[in-house]
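Novice: One structure follows; several queries about it will come next.
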Amino acid sequence: GGNIATFYTAHYSNPAQRSLIHCNAFAFVDPHLAGALHDCMNVFSCAPPARPDLPVYFYSRFLFSPAYLASVSTPLALNLYTAVHNPITLEGRIQLCLGALSNIDLRAQLAEIDLPIVCVQATQGALVKPVHTEVFVEHRRGGAEYSEAKTIFEALKNPHKTCVVWVKSGHELFQEAREQMSTLIEQMVTGYHET
């Protein structure tokens, strides 16, 4: 979603848009992400349609941190993750991976974005590596020296700033760090105030 939101923001001016909030976003497909997506496609293509749990079980190693899986167990984490029925077929999952692999490199276009960016990044994510946050800082107008904000409040005051918020979690932030994510989104929607 972050790649698509970044592309939209760089190419279409929407006066109602005030900022970008990314959760484990990437501006380009790096070798690690490409490898993970190819691994997933291989598993999805080999899994029997009668066992939709197998691909999700494999994918869980990219979604959750080892600490979270140790505290709640993989079966419980997957039960929570799949509590709402997902009708996406195995072929559909392969198409999603192919779509992600087809995302364009947006690093050069980040300098054109005249909105603050807040990057929420999992410290223990195994799908999108934390190094991707550097791209959202370094490729803004003025470079890293001028574009990194230390607080969200500072970022929101300047359309060329990026603030990185680190969350001790795996990739699936809304399951592992639900309270922190809910608080952040609520503050962003209702008006963020520095405390």
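The values are calculated or read from the model by the stated rules, or taken from the named source; none is laboratory data. All values derive from a computational prediction rather than experimental measurement. Virtual Cβ from ideal backbone geometry, glycine too; neighbours counted across all protein chains shown. When the accessible area is computed, the model is the full protein with side chains, heavy atoms only, and any ligands, DNA or RNA have been set aside. Shrake-Rupley method; radii C 1.70, N 1.55, O 1.52, S 1.80 Å.
Novice: Could you grab me the full set of residues in region 116-135 that are touching a Lys or Arg at 6+ places or on another chain (Cβ under 7 Å) and β-branched (Val, Ile, Thr)?
Specialist: Passing the criteria: Thr123, Val135.
Novice: Also, I was wondering about something else. Restricting the search to region 82-127, which residues are among the acidic types (Asp, Glu) and farther than 30 Å from Glu148 by Cβ?
Specialist: First, pick out the residues of region 82-127 that are among the acidic types (Asp, Glu): 91, 105, 112, 114.
Correct list: Glu91 only.
Novice: Suppose we filter Gly92, Gly99, Gly143 for residues that are farther than 20 Å from Ile4 by Cα and surrounded by fewer than 20 Cβ atoms within 10 Å (Cβ to Cβ); which single one remains?
Specialist: Numbers: Gly92 fails: farther than 20 Å from Ile4 by Cα; Gly99 fails: farther than 20 Å from Ile4 by Cα.
Residue meeting the stated conditions: Gly143.
Novice: Here are Ala126, Ala83: which of them is open to solvent by 20 Å² or more (accessible area, probe 1.4 Å) and in contact with a Gly (Cβ under 9 Å, 6 or more places away or on another chain)? Step through it out loud before you land on a result.
Specialist: Details: Ala83 fails: in contact with a Gly (Cβ under 9 Å, 6 or more places away or on another chain).
Criteria check complete, one pass: Ala126.
Novice: If you don't mind, another one. Give me the pairs: first residue in region 143-158 and under 18 Å from Met181 (Cβ atoms), second residue among the hydrophobic types (A, V, I, L, M, F, W, C) and surrounded by fewer than 14 Cβ atoms within 10 Å (Cβ to Cβ), beta-carbon distance under 9 Å, and six or more apart or on different chains, which are they?
Specialist: Sorted first by the residue in region 143-158, then by its partner, the list stays empty.
Novice: If I filter region 3-23 down to residues being open to solvent by less than 70 Å² (accessible area, probe 1.4 Å) and either polar (S, T, N, Q) or at pLDDT below 90 (or both), which single residue comes out as nearest to the chain's Cα centre (by Cα)?
Specialist: Only one residue fits best here, namely Asn3.
Novice: Taking region 106-117 as the search range and keeping residues that are over 11 Å from Pro159 (Cα atoms) and out of contact with any Asp or Glu (no Cβ under 9 Å at 6 or more places or on another chain), which one is most open to solvent (accessible area, probe 1.4 Å)? Working first, answer last.
Specialist: Our first condition is that a residue be over 11 Å from Pro159 (Cα atoms); within region 106-117, this holds for 106-110.
With out of contact with any Asp or Glu (no Cβ under 9 Å at 6 or more places or on another chain) added as a condition, the list becomes 106, 108-109.
Details: Leu106: 1, Ala108: 84, Gln109: 37 Å².
Taking the candidates together, the pick is Ala108.
Novice: Right, here's the next one. Mind telling me which of the residues Phe44, Phe26 ends up being on the phi < 0 side of the Ramachandran plot and either part of a loop (DSSP other than H, G, I, E, B) or modelled with pLDDT under 90 (or both)? Let's see the steps before the verdict.
Specialist: On the way: Phe44 fails: either part of a loop (DSSP other than H, G, I, E, B) or modelled with pLDDT under 90 (or both).
Exactly one of Phe44, Phe26 is on the phi < 0 side of the Ramachandran plot and either part of a loop (DSSP other than H, G, I, E, B) or modelled with pLDDT under 90 (or both), namely Phe26.
Novice: Is it the case that some residue within region 19-34 is charged (D, E, K, R), in contact (Cβ under 8 Å) with a residue 60 or more places away in the chain and under 22 Å from Ile104 (Cβ atoms)?
Specialist: Within region 19-34, the first condition is being charged (D, E, K, R), and the residues that meet it are 30.
Subset that is in contact (Cβ under 8 Å) with a residue 60 or more places away in the chain: 30.
Right, trim to under 22 Å from Ile104 (Cβ atoms) and you get 30.
Among the residues of region 19-34, at least one is charged (D, E, K, R), in contact (Cβ under 8 Å) with a residue 60 or more places away in the chain and under 22 Å from Ile104 (Cβ atoms), which makes the answer yes.
Novice: Now for a separate question. Give the number of residues within region 52-80 that are open to solvent by 80 Å² or more (accessible area, probe 1.4 Å), without any contact (Cβ under 8 Å) to a residue 24 or more places away in the chain and under 19 Å from the mean Cα position of the chain (by Cα).
Specialist: 0
Novice: Still on this structure: Among residues belonging to region 158-195 that are modelled with pLDDT of 90 or more and open to solvent by 70 Å² or more (accessible area, probe 1.4 Å), point out the one that is nearest to Asp114 (Cα to Cα).
Specialist: Residue satisfying both the conditions and the ranking: Trp166.
Every residue, every condition in (1) under 18 Å from the mean Cα position of the chain (by Cα); (2) over 19 Å from Val131 (Cα atoms); (3) open to solvent by less than 70 Å² (accessible area, probe 1.4 Å), yes or no:
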| site | (1), (2), (3) |
| --- | --- |
| Phe28 | yes, no, yes |
| Gly35 | yes, no, yes |
| Val43 | no, yes, yes |
| Ala50 | no, yes, no |
